[in-house]
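First up is the structure itself, then whatever we jot down about it.
The values are calculated or read from the model by the stated rules, or taken from the named source; none is laboratory data. As the structure is a prediction and not an experimental result, all values here were calculated from the model. Virtual Cβ from ideal backbone geometry, glycine too; neighbours counted across all protein chains shown.
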Amino acid sequence: MAKLNGVKPHKVQAGKVEAITYEGEVYTRVEGPAKVGDITLITSDYWIDSTKDAYYLTVELSGNDPRIVDDVGDTDSNFSGHYELFRNLTPITLEHDGVGYAKLVADAAPKAGDYVVFADADDNLPGYLTAGEPYEIKRTDDCGDAHITDDDGDNFDMDEADYYTYAYYAKVAAPKRRPTEGDCVKVIGNSVSHNYAIGSFVTIVKDGKDSVPFKARRENGSIGNWLAEKDVELADRKPDSITLTITHLDGTTTQLTDVAKIEATGGEAV
């Protein structure tokens, strides 16, 4: 893998890099044993075939020390004092109040309704912020800075958070349910030469659960041929239906509700 390209300083304090960005993620300088996935900064010339002041991905461990793939493709390691470690401390996803959120890349602009989570240890944060606690973004100002309500109930401008490690999270759209028998769907494509009108609403009557799974009833009651899953989408409506009243010979009646409407031209039985 050799040295990583595109690593940029993200947070610098007193001339020392405390956090970096790589491929849209923030990595914070950490102490202690290395972990696979850490980014290793080479700080001495005692590494073989590696470049001082360059960054490498930790691919294995040698005790508590990182092993990297050096500039000639060999796996190398060294003792502490010859490297610094940077680690992604924020989770990829967040769940809050039963709703899923995905982490935004480092340079993405948050918006009202998104959340921010601080990853610093509590002793590195002011008393009015809590590590790991999701804070809802109430608004963004004209400079694009997010504003949250801190633990004291006061407004906190994220422009003041330069020395903290945090990540923004945006709501993840709920995955759409797969249509199946009984669902009303809209026909949106024709990849398999079906005989339904594009834009029409039909009701699935058979689901073969294969590559072209659906057979459907049109609103006139007729049954078409087979539909591919990608050619339909769930519709926020019920198919046209009527309530049918049947009068028996003895004078009693029976009502059938949500009966599919069949035009005078007739329809096919399923």
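Quick one: how many residues across segment 11-20 are surrounded by 17 or more Cβ atoms within 10 Å (Cβ to Cβ), closer than 14 Å to residue 89 by Cα and modelled with pLDDT under 90?
Residues flagged as surrounded by 17 or more Cβ atoms within 10 Å (Cβ to Cβ), closer than 14 Å to residue 89 by Cα and modelled with pLDDT under 90 within segment 11-20 amount to 1.
From the list 33, 91, 66, pick out the single residue that is surrounded by 17 or more Cβ atoms within 10 Å (Cβ to Cβ) and of a type outside the set (Asp, Glu).
Of the residues listed, the single one that is surrounded by 17 or more Cβ atoms within 10 Å (Cβ to Cβ) and of a type outside the set (Asp, Glu) is 66.
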State which residue is surrounded by the fewest Cβ atoms within 10 Å (Cβ to Cβ) when the search covers only segment 230-270 and only residues that are under 17 Å from residue 179 (Cα atoms) and at pLDDT below 80.
-> 236
Filter segment 169-195 down to residues that are in contact with a Lys or Arg (Cβ under 7 Å, 6 or more places away or on another chain) and of a type in the set (Ser, Thr, Tyr) and give me whichever is farthest from residue 117 (Cα to Cα).
-> 191
Only residues that are surrounded by 13 or more Cβ atoms within 10 Å (Cβ to Cβ), without any contact (Cβ under 8 Å) to a residue 40 or more places away in the chain and among the β-branched types (Val, Ile, Thr): list them for segment 192-229, please.
-> 192, 202, 204, 212
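Go through 57, 4, 85 for me and flag whichever is within 25 Å of the chain's Cα centre (by Cα) and in contact (Cβ under 8 Å) with a residue 12 or more places away in the chain.
Testing whether each residue is within 25 Å of the chain's Cα centre (by Cα) and in contact (Cβ under 8 Å) with a residue 12 or more places away in the chain leaves just 57.
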Looking at this structure, is residue 146 within 24 Å of residue 88 (Cα to Cα) and either touching a helix residue (DSSP H, G or I) at 6+ places or on another chain (Cβ under 8 Å) or in the same structural domain as residue 28 (by TED's automatic domain parsing) (or both)?
-> yes
Tally the residues that are surrounded by 14 or more Cβ atoms within 10 Å (Cβ to Cβ) and either assigned by TED's automatic domain parsing to the domain that holds residue 20 or more than 20 Å from residue 25 (Cα to Cα) (or both), restricting the search to segment 95-118.
-> 1
